[in-house]
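Shown next, in structure tokens, is the structure this report addresses.
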Amino acid sequence: MQSTPYTHYAWAEKNTKPKIWSDERHRQKLNGFLTVDVQRGSTRVDFKKQSSTERVVGIVVQTVLIYLQEGFSHLTFLLDNAKIHGKKMEASVQQWLTEIAQQVELPEFTLSFWHTPSYSPRLNPAEYLIHEVRRNGLYQVPCTLTLQEKAERIRTQLARGSPMDDQQMRRLLDFIVRSKVKRF
């Protein structure tokens with residue numbers, strides 16, 4: 001999310017560049033980390049001012065520990081092709097979990113990462129939820145809302161429950177798994 005819209009409009013004479021002031025570098029930004037449990041339909045969202053591999057690793061490790069505590073033994077993370085979701089992140093997650101396991105006894109578990117092909121938002125459950133969250137929580141709101149207020153609207157909306165029901169989630173997961181067999 002950003003504090004102002006992406007688009008700037010300007011008029012200029014033919015074959016000249018428009019002279020338009022832009023505050024592009026001075027915008028406030030807030031990165032959202034959306035976790036979707038496709039089996040239960042639950043979601044979790046975290047907002048950070050800056051995004052980095054280390055922050056993503058921390059969120060993934062935290063998610064793994066939550067599910068291990070709940071008794072899960074196999075976890076699969078479906079990730080898009082963002083730069084921070086690469087092999088470096090996977091190795092860092094494994095390293096953190098190994099270090100934690102040296103200090104605290106963790107149950108046996110398997111952890112796998114599926115990476116969707118480039119430009120394939122249809123295979124990412126988070127994209128469907130992001131669309132619904134934007135449609136239900138951010139469209140037609142006053143432009144005076146701050147980033148923090150927008151983030152709070154999203155948290156509140158997701159706290160009420162997933163915008164997708166169980167049947168929609170199951171169909172989506174089936175579609176993704178069938179596509180994975182064909183494409184990944």
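The values are calculated or read from the model by the stated rules, or taken from the named source; none is laboratory data. Treat the numbers as computed from the prediction; the structure is a model and nothing was measured. A quick note on method: Cβ atoms are made from the backbone with ideal geometry, for glycine too, and the neighbour counts reach across all protein chains shown.
Considering the range 67-84, the residues that are of a type in the set (S, T, N, Q) and more than 16 Å from residue 118 (Cα to Cα) include one that is surrounded by the most Cβ atoms within 10 Å (Cβ to Cβ), namely 76. Keeping to the range 125-184, report how many residues are hydroxyl-bearing (Ser, Thr, Tyr) and surrounded by 14 or more Cβ atoms within 10 Å (Cβ to Cβ). Residues meeting the conditions: 3. Please find, within the range 28-41, the residue that is farthest from residue 123 (Cα to Cα) out of those that are surrounded by fewer than 16 Cβ atoms within 10 Å (Cβ to Cβ) and of a type in the set (S, T, N, Q). Checking each candidate, the answer is 28.
Within the range 46-84, the residues that satisfy the criterion of being charged (D, E, K, R) and closer than 15 Å to residue 36 by Cα are 46, 80. Sub-6 Å Cβ pairs linking a first residue in the range 123-136 that is closer than 13 Å to residue 176 by Cα to a second residue that is surrounded by fewer than 18 Cβ atoms within 10 Å (Cβ to Cβ) and of a type outside the set (A, V, I, L, M), at least 6 apart or interchain, are 123/179; 124/80; 127/121, ordered by first then second residue.
Within the range 77-118, restricting attention to residues that are assigned to a strand (DSSP E or B) and under 15 Å from the mean Cα position of the chain (by Cα), which residue is farthest from residue 175 (Cα to Cα)?
113
Filtering the range 80-120 to residues that are of a type in the set (A, V, I, L, M, F, W, C) and without any contact (Cβ under 8 Å) to a residue 24 or more places away in the chain leaves 82, 91, 101, 104. The single condition among (1) more than 19 Å from residue 33 (Cβ to Cβ); (2) outside any helix (DSSP H, G or I) that residue 163 does not meet is (1).
To keep it simple, each residue is scored yes or no on (1) at pLDDT 75 or above; (2) out of contact with any Pro (no Cβ under 6 Å at 6 or more places or on another chain); (3) surrounded by 16 or more Cβ atoms within 10 Å (Cβ to Cβ); (4) in a helix (DSSP H, G or I).
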residue: 19; (1), (2), (3), (4): no, yes, no, no
residue: 25; (1), (2), (3), (4): no, yes, no, yes
residue: 43; (1), (2), (3), (4): yes, yes, yes, no
residue: 51; (1), (2), (3), (4): yes, yes, yes, no
residue: 60; (1), (2), (3), (4): yes, yes, yes, yes
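For the range 119-136, enumerate the residues that are of a type in the set (Gly, Ala, Ser) and part of a helix (DSSP H, G or I).
As a first pass, look at the range 119-136 and keep what is of a type in the set (Gly, Ala, Ser): 120, 126.
126, the sole residue that qualifies.
For the range 106-119, the set of residues classified as modelled with pLDDT of 80 or more and closer than 24 Å to residue 86 by Cα consists of 109, 110, 111, 112, 113, 114, 115, 116, listed by residue number.
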